[in-house]
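Participant: Take this structure, written in structure tokens, and hold onto it; I'll ask about it next.
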Amino acid sequence: MEQTLGQDSPPTSGPVDKSRVLDIKPLRSLSPVFPSSSNGAAPFVCFPPSGPFPSGFAPFYPFSGSSDSGNPQTPFSMPNQPFGFATPISTAVPINSYRTANGDAGPSGKRPRGRPRLQRNTVVAEEDGFSDEQEQSTQYSSRGRKIKSMTPKRTKRGQDMNSTLPDVDTDAMVNNILESFQHMKFDASGADGDRDTVENILMINNLLRRKIALIEDSKEATSITKRPDLKAAAILMSKGIRTNARKRIGAVPGVEIGDIFYFRMELCLVGLHAPSMAGIDYMVLKTSQNEEPVAVSIVSSGGYEDNVEDGDVLIYSGQGGNLNLKDKEATDQKLVRGNLALEKSLHRGNEVRVIRGVKDPASLTGKIYVYDGLYKVQESWVEKGKAGCNVFRFKLIRVPGQPEAFTLWKSIQQWTDGITPRVGIILPDLTSGAENLPVSLVNDVDDEKGPAYFTYSPTLKFPKPVTSVEPSAGCTCHDGCVSGNSNCHCIQGNGGYLPYTSGGVLVSQRPLVHECGPSCQCSSTCKNRLSQGGLKVRLEVFKTKNKGWGLRSWDPIRVGGYICEYAGEVVDISRAEDENNNRYIFDATRTFQSAGDLPGESNEAPKVPFPLIISAKDVGNVARFMNHGCSPNVQWQAVLRGNKEYDLHIMFFALKNIPPMTELTYDYGMVPPDKVEQRKKKCLCGSPKCRGYFC
DNA sequence: TTAGTTCAGAAGTAT
DNA sequence: ACTTCTGAACTAAGT
């Protein structure tokens, strides 16, 4: 590997010199607005700053651009960890203010699309003493190239109605996220990855992307295009936070068949498929006689006239020829680049990774990329495309013996279309219509006919009816709540921003999310009511091989996506103690040993207004079937509705992108040390990081 | 609601 | 400098 590195790698391979990438400059003080969450009267469950967190695990609060460590409201400032400045911070990079190649400010000076562009993005550079020239910091990608669009420029926010949002410093935000992942080692030299590295890089990327998206959401439509996906990934690329950058034939370490991705750039970051747009990735193989290109991976996303015979065969069209460009004349495809590489791969017989684009059932426009494993090119031919020009076709056959991936998607489609029945189904809907989507009950491993009896309830039951003491603590936003509205109590409770992106995903786990509630005047479609709309994915309760009943989803779930509430009866601690011989207890007061395993997401303790304990033994919903996992793919989030301290709910969100039919697990958390022995059960989660038991 | 169009992207490759 | 099965926002067309 070391030998090939010298050939394949660019001049600046090797660990990135951060002192060159990051240009150290003092920052304008950006004081984020920290809410005194709730009204401060509630007896919060709090942990000391040294906390339940492992040392070296920096706290992170969304949008704390420059860590204002003097702010007493900043949760869990670590005295020994001056976060935000432990690593050099490059100059501020306000979103939407990237400079284009020709030197125009931000989104190029071309005509605005749609509505007339407001007079924004006006450059006010001298405000903080930096001229534009001084601020120019050329950055380099891991391949040593200049990144032309990274030159920062300050912009001035327009005068929004009641907007109190501070400018957000993207680069400091990045550093904050990176610090919470500082136990990870990222090597820009093209080192091979492993499962942990891949998952962490994707997690960082997703966290950054969601935060950028949220900030962009909160601004007016000043930018012609918003591409948080590109921006987040470009920043990571420039810092060398990627893995498997060395091209290779065959499997990529840390990426598993069936993994799903929501953006092309994610494929690039983990080394599955390097080009950001092109469908064919290839490398030059050098032999003693000659050198020739061979294909290493392809993305089949339906842009060309591909057709699919069955799940293990793929007819892939060559690239080029202007087939998908309407304004250009279609031309014959040429046997160059990717087309040539695929042709060479046919003769060489090497394995080619295949990533299939499928329609995201959760969104009308979105697309999901499924890694479908290795294929081989079986034959190729030329035919006339729709435009009458020559098009290359390549027939690829899946290498046998690999885990099911794309065919599983096809199966699920057939279940939902009613074409083929789901094998092992016991009940089509165990909720008996209590949820807005059916939840099937399935057992295809043994004869058990179902879990013990319980009453299905989609909602949380409080011991006594809660009566509203205060007349109205809700917000008065008639048109839905938006980030930056200083008149909206709910938004202010979340630090001035919506906790969710416009795409409907949780931006990041936080101590407490303030949603709108019954007393708010906004409608049910308000963005700040994400977890109130019932189930959004089709769930299935199924019999696991060795852990009893479990929960999984027919639909893919994206990072931050809402899954379900933990419903049941709110009980006091004594009853929970009584019932500690059963598994159906949710205890929000538990701490998390695994905080270090979930960097960037759960490094702050939940701040629940009261010690909420829920029993789902007799009454509950699908959440009661979710098993514990030491490397979970789901996390819980305390959600308060309408600023009512009693209207507290536990909601589950995806921690990773979750492929269909993958068991959903969350970390049950830790009990006090003296109770561990009495409660601990053997953990069978199967994770390499398994603690061996859970409580 | 759905389908099509527009436009700025980013990285890699070729020149 | 050029290429490229992006992705979002927008527009037009169809119920």
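The values are calculated or read from the model by the stated rules, or taken from the named source; none is laboratory data. Keep in mind it's a predicted model, so treat the numbers as computed, not measured. Here Cβ is always computed from backbone atoms with ideal geometry, including for glycine, and neighbour counts include all displayed protein chains.
Participant: Could you list, in sequence order, all residues of the stretch A:504-537 that are under 18 Å from the mean Cα position of the chain (by Cα) and surrounded by fewer than 18 Cβ atoms within 10 Å (Cβ to Cβ)?
Facilitator: Answer for the stretch A:504-537, where residues must be under 18 Å from the mean Cα position of the chain (by Cα) and surrounded by fewer than 18 Cβ atoms within 10 Å (Cβ to Cβ): just A:G504.
Participant: Could you figure out which of (1) in the same structural domain as A:Q637 (by TED's automatic domain parsing); (2) in contact with a helix residue (DSSP H, G or I) (Cβ under 8 Å, 6 or more places away or on another chain) isn't true of A:T431?
Facilitator: For A:T431, the failing item is (1).
Participant: Do we find that A:D429 is under 29 Å from A:W549 (Cα atoms), acidic (D, E) and assigned to a strand (DSSP E or B) in this structure?
Facilitator: Values: under 29 Å from A:W549 (Cα atoms): yes; acidic (D, E): yes; assigned to a strand (DSSP E or B): no.
Criteria not met by A:D429.
Participant: Determine the pairs where a residue that is under 12 Å from A:L236 (Cα atoms) and among the β-branched types (V, I, T), located within the stretch A:194-221, has a partner that is at pLDDT below 90 and in a helix (DSSP H, G or I) with Cβ atoms under 8 Å apart, the partner being 6 or more residues away or on another chain.
Facilitator: A:I204/A:I177; A:I204/A:L178
Participant: Could I ask something else about it? Among A:L539, A:L551, A:L598, which is the only one that is modelled with pLDDT under 95, within 27 Å of A:P660 (Cβ to Cβ), outside the structural domain of A:L202 (by TED's automatic domain parsing) and among the aliphatic types (A, V, I, L, M)?
Facilitator: A:L598
Participant: Go through (1) surrounded by 17 or more Cβ atoms within 10 Å (Cβ to Cβ); (2) modelled with pLDDT under 90 and name the single condition A:R264 misses.
Facilitator: The one condition A:R264 does not meet is (2).
Participant: Which of (1) outside any helix (DSSP H, G or I); (2) buried (at least 19 other Cβ atoms within 10 Å of the Cβ); (3) without any contact (Cβ under 8 Å) to a residue 60 or more places away in the chain does A:S288 not meet, given it meets every other one?
Facilitator: Failing condition for A:S288: (2).
Participant: Here's a follow-up. What is the number of the single condition among (1) at pLDDT 90 or above; (2) among the aromatic types (F, W, Y); (3) over 32 Å from the mean Cα position of the chain (by Cα) that A:F462 does not meet?
Facilitator: Exception for A:F462: condition (1).
Participant: Does A:I419 satisfy the condition of being out of contact with any Leu (no Cβ under 7 Å at 6 or more places or on another chain), outside any helix (DSSP H, G or I) and crowded, with 21+ Cβ neighbours inside 10 Å? Walk me through it before giving the result.
Facilitator: Details: out of contact with any Leu (no Cβ under 7 Å at 6 or more places or on another chain): yes; outside any helix (DSSP H, G or I): yes; crowded, with 21+ Cβ neighbours inside 10 Å: no.
Against the criterion (out of contact with any Leu (no Cβ under 7 Å at 6 or more places or on another chain), outside any helix (DSSP H, G or I) and crowded, with 21+ Cβ neighbours inside 10 Å), A:I419 does not qualify.
Participant: Cβ-Cβ below 8 Å, separation at least six or inter-chain, first residue in the stretch A:333-347 and touching a residue at least 12 places away in the same chain (Cβ under 8 Å) and under 12 Å from A:Q378 (Cβ atoms), second within 12 Å of DNA strand C (Cβ to nearest atom) and assigned to a loop (DSSP other than H, G, I, E, B): which pairs?
Facilitator: Here the result reads A:L342/A:G318, each pair linking the stretch A:333-347 to a residue that is within 12 Å of DNA strand C (Cβ to nearest atom) and assigned to a loop (DSSP other than H, G, I, E, B).
Participant: Mind checking which residues of the stretch A:663-673 are over 14 Å from A:V559 (Cα atoms) and either in a loop (DSSP other than H, G, I, E, B) or among the aliphatic types (A, V, I, L, M) (or both)?
Facilitator: Within the stretch A:663-673, A:D667, A:Y668, A:G669, A:M670, A:V671, A:P672 qualify.
Participant: Filter the stretch A:239-273 down to the residues that are away from DNA strand C (no atom under 16 Å from the Cβ), touching a Ser or Thr at 6+ places or on another chain (Cβ under 6 Å) and at negative phi and list them by number.
Facilitator: Passing the criteria: only A:T243.
Participant: Just to verify a result, which residue in the stretch A:232-251, among those that are in a loop (DSSP other than H, G, I, E, B) and small (G, A, S), is modelled with the lowest pLDDT?
Facilitator: Start the filter on the stretch A:232-251 by keeping residues that are in a loop (DSSP other than H, G, I, E, B), which leaves A:239-251.
Subsequent filtering for residues that are small (G, A, S) retains A:240, A:245, A:250-251.
Numbers: A:G240: 87, A:A245: 91, A:G250: 95, A:A251: 95.
So the residue we want is A:G240.
Participant: Are any of the residues in the stretch A:216-224 within 12 Å of DNA strand C (Cβ to nearest atom) and modelled with pLDDT of 90 or more?
Facilitator: no
Participant: Then there's this: Taking the stretch A:264-285, which residues are in a loop (DSSP other than H, G, I, E, B) and within 11 Å of DNA strand B (Cβ to nearest atom)?
Facilitator: A:G271, A:H273, A:A274, A:P275, A:S276, A:M277, A:A278
Listed here are the residues, each with its yes/no results for (1) within 18 Å of A:A623 (Cα to Cα); (2) among the aliphatic types (A, V, I, L, M).
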{"site": "A:T416", "(1), (2)": "no, no"}
{"site": "A:I426", "(1), (2)": "no, yes"}
{"site": "A:D447", "(1), (2)": "no, no"}
{"site": "A:F462", "(1), (2)": "yes, no"}
